[in-house]
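Comments concern the structure below.
What follows draws every value from the coordinates through simple rules; no lab data is involved. From a predicted model like this one, the values you see are computed outputs, not experimental measurements. So basically every Cβ, Gly included, is an ideal-geometry build from the backbone, and we count neighbours across all protein chains shown.
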Amino acid sequence: MDAPSHCIHGGRFIHDFDVNDLIMPCVVIDVSCKCHERYSLSVQDVEDFESQFGPIAQGSSVMVKTVCSKFWHTPSKYHNNHVFQSVSSEVAELLLERGVSAICIDTLSPDRPEDDFKVHNTLFRSW
């Protein structure tokens, strides 16, 4: 879990969260079958998920399954010189507008370092 304080001056720290606020329904959007190392979860992926499973409920956590978790025990592959799958800033905006409480992904970060932490900044401004 990332705390807003690591990206936003004056943001909340981990100890500022009530554990009960971290218990929520979740959905898993599995894009592992189409992932490549620079894949970003797209609005189309979210729309495809919802057409199959229904709308993502407000207050839910959205978990993104890529292929990265299979490399967890091989740090050089998991870190991969900071080249990994991510979440697009458009998806972060869309899910925030829909009232999603959290976005989780099995990579180092929902953002790629070269993307200026747009996803972090989008999500943390609501916390």
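A DSSP coil position with no more than 12 other Cβ atoms inside 10 Å describes the following trypsin sites (Lys or Arg not before Pro) in segment 92-127: R125.
What order do you get for 55-67, 1-13 when each peptide is scored by the mean count of other beta carbon atoms within 10 Å, highest first? Intermediate results must be reported in sequence, preceding the final value.
On the way: 55-67: 17.4, 1-13: 12.8.
Highest mean packing first, the order is 55-67, 1-13.
Note on the chain: Cα-only Rg and Dmax are 14.4, 40 Å. Within segment 1-31, find all residues whose amide N lies under 18 Å from a label point positioned 7 Å from the Cα of A57 along Cα-to-beta-carbon. Within reach of a label on A57: 20-29. Overall, the chain carries a charge dipole of about 340 debye about its Cα centre when +1 sits on the Cβ of Lys and Arg and -1 on the Cβ of Asp and Glu, all other atoms neutral.
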